[in-house]
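Participant: There's a structure below that I have some questions on.
The values are calculated or read from the model by the stated rules, or taken from the named source; none is laboratory data. These numbers come from a predicted model, not from an experiment. Neighbour counts run over all protein chains shown; Cβ positions are idealised from the backbone, glycine included. Quick note on the areas: whole protein, heavy atoms, side chains included, nothing else; ligands and nucleic acids left out. Shrake-Rupley method; radii C 1.70, N 1.55, O 1.52, S 1.80 Å.
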Amino acid sequence: MDDDGDGGPRRSRRDQDAIRCAVDDGSRLVVTTGGTGIAPRDVTPEATATVLDRELPGLAEAIRAVGIATLPQAMLSRAVAGVLDRSLVVNLAGSTGAVRDGVPVILQIAAHVVSQLDGGDHG
């Protein structure tokens, strides 16, 4: 199936390929921006979920909670977070405010996640 518009299968495949490429190139943290809303072209969460080995719903929920505190529309974000191989993958909404709010949440736990993926202790 193919799509000539901004969403659908073609965009989904592009998102999947970009995430896999970043992980294959050695990125331990992959953050996507945009495509997490409810418009027909917003397919990033579905694309991301198909490549993840495990989801980390608590991280996506924490990012949403921070966003909702300043902008109630943030509750419409369908962003996901999880692990692919030995990398943390996180979707953020595409607005500058969402990125500004979400990056500190990710950075609070990114080193711990990478340590865990490398076999580290829970300390």
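Participant: Assuming a ≥ b ≥ c are the square roots of the Cα gyration tensor eigenvalues, decide whether region 60-123 counts as rounded (a/c under 1.5), prolate (otherwise, with a/b larger than b/c) or oblate. Before the final figure, lay out each step's value.
Facilitator: Values: a/c = 2.75, a/b = 2.18, b/c = 1.26.
Prolate, since a/c reaches 1.5 and a/b exceeds b/c.
Participant: Taking all protein chains in place and a 1.4 Å probe, what share, in percent, of the accessible surface of the chain do carbon and sulfur account for? Spell out each step's value before the answer.
Facilitator: Details: 3820 of 6900 Å².
C and S fraction of accessible area: 55 percent.
Participant: Counting helices only, and only those DSSP H runs with n ≥ 4, report the 222 nm mean residue ellipticity of the chain as the sum of -39,500 (n - 2.57) divided by its residues, in deg cm²/dmol to the nearest 500.
Facilitator: On the way: 4 runs with 61 residues, N = 123.
Calculated from helices alone, the mean residue ellipticity at 222 nm is -16500 deg cm²/dmol.
Participant: Once you have the Cα-Cα distance between residue 53 and residue 21, take 0.36 nm times their residue separation minus that, and quote the gain in nm to one decimal.
Facilitator: 10.0 nm
Participant: For residue 75 and residue 14, calculate 0.36 nm times their separation in residues minus their Cα-Cα distance, and state this gained length in nm to one decimal.
Facilitator: Full extension of this stretch gives 19.4 nm more.
Participant: Just want to confirm a number: the relative contact order over the chain, from Cα pairs under 8 angstrom separated by 6+ residues, in percent. Don't skip to the end; give the middle numbers.
Facilitator: Working: 187 pairs, mean separation 32.5, N = 123.
Normalised by residue count, the contact order of the chain is 26 percent.
Participant: For the pair residue 41 and residue 111, what calculated FRET efficiency results from E = 1/(1 + (r/R0)^6), where r is the Cβ-Cβ distance and R0 = 25 Å, to the nearest 0.05? Write out the running numbers ahead of the final one.
Facilitator: Numbers: r = 34 Å, r/R0 = 1.35.
According to the calculation, E is roughly 0.15.
Participant: Under unit Cβ charges (Lys, Arg +1; Asp, Glu -1), what dipole magnitude, rounded to 20 debye, does the chain have relative to its Cα centre?
Facilitator: The dipole magnitude comes to about 260 debye.
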